[in-house]
Amino acid sequence: MSAVESSSQKFSGRSFALPSLVTAALLITLVALPAVLPEFWTVNIFVRAMIFGIVALSLTFLAHYGGFISLVQMVPAGVAGYTIAVTVPDAIPANSFQLPYALSVTLALAFSTLAGLTIGAVAVRTREIYLLMITLAIAVSFYFFVQANVEFLNGYEGIRNVMGPDILGAPLRTPAIFYYAVLAVSVALYALVIYVSRAPLGLVLQGIRDNPRRVSALGFNAALHRIVAFGLAGFVAGIGGVLLTFYNIGISPGTVSTHATISILIIAVIGGLGHPIGAFIGAFIFTVFDTFAADIYDRDRFNTLIGAVFLTIVVASPDGIIGLMKRGKTLLARDRSSVSRSRPTIAP
């Protein structure tokens, strides 16, 4: 069994949960960051990390709650990104649609959800290595499709000058506005995944993950629930694709390349597939190494560096950073329990 599959299954019982106090402190810290950190850190590190985390969140949702390890999450993200790029005004090369951003974003998310549903319908009856191979084949095919499509998608050069809409009269590209917009979307999607995991859909998915035959015997349509899960993951990844297109001021085939696909998998595994927050933890670690690779080691050796980090974390904790946190929490609780039992009792 691979480390990825092990990571998604070891948390099939009681999940790791962030204490409310820790969650509140984390949110307050994130809200205050633009006031205490340079713009470089808020935009180049935290905004990028949150966007990557959103796409990785879609993979974590599929892996943890459905038991599906998918290598295709950059496809719905790319579908959304290209939909934005070919429909909004001012894009270069110019398009004939010239739609307002609100309508363009709506179409992008609709198409990314449809892409997720379609992928789910294709891959619904496969699992483990066969699911990995099918989703990888779809991802590679999509990459070559957008690279070869010169007439509508401008081939390998891609589409540029996708600046994003104005929010409250100010450009989205304003660093503080962009940061808070991405933060709000990240928190909302994290809350959505947590909610779905406790809703009937999420409970059925977890039942399918643990015992699909029993769930089918109870009268649930396992195939339909799997397709819906891929559709929801496509929606989440699509939002990440839209934000990534705004961040990069455009999109090109490199955005949906095999390298990008594997990067999302690495992010999810480093953070840990045992809890949705792992996607954002892994994205932060990945982004820091990606940004400072030249200072730490050598920019041309980034893949070697991130590979070494990946192997170290997987060997030390197949469940990722979340697994380390869970074990630390368990050990701390055990130590407290042993200390309380060892205290002498004073007779009255």
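Every read-out reported here was derived from the displayed coordinates using simple, explicitly stated rules and does not represent laboratory data. As the structure is a computational prediction, the values presented were derived from the model and not from experiment. All Cβ positions, glycine included, derive from the backbone under ideal geometry; neighbour counts span all protein chains shown.
Some observations on this one:
- Compared with the direct C-alpha span, the chain from Ala32 to Thr258 gains 77.8 nm at full extension, assuming 0.36 nm per residue.
- GNM remark for the chain: springs join alpha carbons under 10 Å apart, and the peak mean-square fluctuation among Gly234, Gly307, Gly320 falls on Gly307.
- Its convex hull of Cα atoms gives segment 3-339 a direction-averaged projected area, equal to a quarter of the hull surface, of 18.8 nm².
- With the helix formula -39500 (n - 2.57) applied to DSSP H stretches of n ≥ 4, the chain reaches a computed 222 nm mean residue ellipticity of -23000 deg cm²/dmol.
- Cα-based helix-to-principal-axis angle, 258-271 vs the chain, degrees rounded to 10: 20
- Remark: the Val309-Ala184 segment gains 42.1 nm on full extension, using 0.36 nm per residue and subtracting the alpha carbon distance.
- With a cut-off of 13 Å between beta carbons, the residues surrounding Phe284 carry a summed charge of 0, where Lys and Arg count +1 and Asp and Glu -1.
- Shape of segment 220-297, Cα gyration tensor, a/c cut at 1.5: oblate
- GNM top mover of Leu168, Leu153, Leu62 - the chain, alpha-carbon springs below 10 Å: Leu168
- Comparing Asp166, Asp290, Asp210 in a Gaussian network model of the chain, where Cα atoms under 10 Å apart are tied by springs, the biggest mean-square fluctuation is seen for Asp166.
- Among His259, His64, sorting on how many other beta-carbon atoms sit within 10 Å of each Cβ, with the fewest leading, yields His259, His64.
- Mean Cα-pair separation over length for the chain, i.e. relative contact order, pairs under 8 Å, 6 or more apart, %: 31
- Extension gain, Ala102 back to Val288 (0.36 nm per residue minus Cα-Cα distance, nm): 63.7 nm
- Backbone phi angles across segment 190-207, fed through the Karplus curve with coefficients 6.51, -1.76 and 1.60 (θ = phi - 60°), yield HN-Hα couplings of 4, 5, 4, 5, 4, 4, 4, 5, 9, 7, x, 4, x, 5, 5, 4, 5, x Hz in residue order; Gly and Pro are listed as x.
- Anisotropy class of segment 12-146 from Cα gyration tensor, a/c 1.5 cut: oblate
- Charge tally in the Cβ shell below 12 Å around Val162, where Lys, Arg are +1 and Asp, Glu are -1, Val162 excluded: +1
- Sum of side-chain charges, Ile208 neighbourhood, beta-carbon under 10 Å (Lys, Arg +1; Asp, Glu -1): +3
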